Ligand SMILES: *Cc1c(COP(=O)(O)O)cnc(C)c1O
């Protein structure tokens, strides 16, 4: 089936008892046993599984072409579960511009438990130099946040395979509408459902999707169940509801982002635009080969440094000054401020989550702010 059909049907079925067309929200934390002690409804206790979560996880697995999915209370909880599933002492190779929240998680919570290096994963020589006998995981994020760097997924997978190393990909920026890393050979996909999956900036969630049901996956399921960083039934319901429109929302985000990127690139006050859909993007060809479309995120750098970036961001009327991404409304942020003192992000960079407003209004707002 095509992704539009999966998005609508894989997370829903007609309720067997009430015949409700939309899956009811099941708030019960516990489920009745049959007289023989079994659980005919398939659920025992809601930390382990719940009808709304089961449907959400089925939807996530199908959208990413995976064998199974596990959902979490946030993207960072999903990432944390991956790191907790590894044997202590395992070495991880992660990108030098990894999402700052997960980079800080590794640095602050896993120092002394896991080993990690943050490197330019796209450079095969650098990547190979950092592989050690106890390297167990290569973490990739493409397009990356906030520089929109593209990692060649197949190339990394090939290097990892020759060393028996697993590859996990943070696919939050792309979503399965634009890119499906499991089909390109990755072992695991991670999402912040808070972003495009939720799509309306009103819920937090995270997800992991596996290519196959391995021992490693069983361990991740244990972390989910025993760790308990699970989403509530209401959040699962909200996510399933939002994800029905994901393919159509992504089309709008991609369309608007491409046109805004093209507009910004021609503007004399703009030094550089980072968007994988632009032929000027240094990895445009890799993006074209591994993505169906280029996503709704872009960053741009202004001539005139931080001061000019701040003037522009404060002059916009439709774009809201806020972090996060993937909602229907356009957001813009001065990323270096958000990332804090150890940021490597240029101070004249603004990151944009291009929303679903009409592109003419977005361009007009930007034109006025740029002056
Ligand atoms: C937001 C985000 C995360 C973390 O997700 P939360 O839901 O905020 O915990 C991880 N990776 C990327 C790329 C993100 O944008």
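Since every read-out is calculated from the coordinates, none of them should be taken as a lab result. Treat the numbers as computed from the prediction; the structure is a model and nothing was measured. We place every Cβ from the backbone using ideal geometry, glycine too, and count neighbours over all the protein chains shown.
For the chain, the longest principal axis of the C-alpha atoms and the axis of helix 215-227 are separated by about 90°. For segment 125-223, the alpha carbon convex hull comes to 116 Å³ per residue, rounded to a whole number.
Each of 163, 191 was scored by other Cβ atoms within 10 Å of its Cβ. Arranged with the fewest first, they read 163, 191. Normalised by the number of residues in segment 246-370, the mean separation of alpha-carbon contacts (under 8 Å, six or more apart) gives a relative contact order of 27 percent.
Kirkwood hydrodynamic radius of segment 93-137, from the reciprocal of the average inverse Cα-Cα distance over all distinct pairs: 11.1 Å.
Each of residue 289 and residue 104 was given a label point 7 Å from its Cα along the Cα-to-Cβ line. The distance between the two points is 3.6 nm. In the calculated pair-distance distribution of segment 3-241, the portion above 30 angstrom amounts to 25 percent of the Cα-Cα pairs. Between 0 and 90 degrees, the angle of helix 100-109 with respect to the longest Cα principal axis of the chain falls at about 60 degrees.
When each of the peptides 268-275, 66-73, 14-21 is scored by the mean number of other C-beta atoms lying within 10 Å of its residues, the order from highest to lowest reads 66-73, 268-275, 14-21. Approximating the spin labels as points 7 Å out from Cα along Cα→Cβ, the residue 323-to-residue 13 distance works out to 4.0 nm. Result for the chain in a Gaussian network model with C-alpha springs under 10 Å: among 123, 50, 145, the largest mean-square fluctuation is at 123.
What ranking do 263, 99 get, fewest neighbouring Cβ atoms within 10 angstrom at the top?
On the way: 263 17, 99 24.
Going from sparsest to densest Cβ surroundings: 263, 99.
Peptides 317-323, 88-94 ranked from most to least packed give 88-94, 317-323, packing being the mean of other C-beta atoms within 10 angstrom over each peptide's residues. Using only alpha-carbon positions in segment 223-341, the gyration tensor eigenvalues give semi-axes of 30, 20, 15 Å once each is multiplied by 5 and square-rooted (largest first).
Given contacts defined as C-alpha pairs under 8 Å and at least six residues apart, what's the relative contact order of segment 158-240, whole-number percent? Numbers along the way, then the final one.
On the way: 85 pairs, mean separation 18.7, N = 83.
It rounds to 22 percent for segment 158-240.
Sorted into 10 angstrom bins from 0, the C-alpha pair distances of segment 170-264 split as 14, 39, 35, 10, 3 percent. Taking the C-alpha atoms only, the angle from helix 75-84 to the longest principal axis of the chain is near 60 degrees. Here segment 1-59 and segment 300-316 have alpha carbon centers that stand 48 Å from each other.
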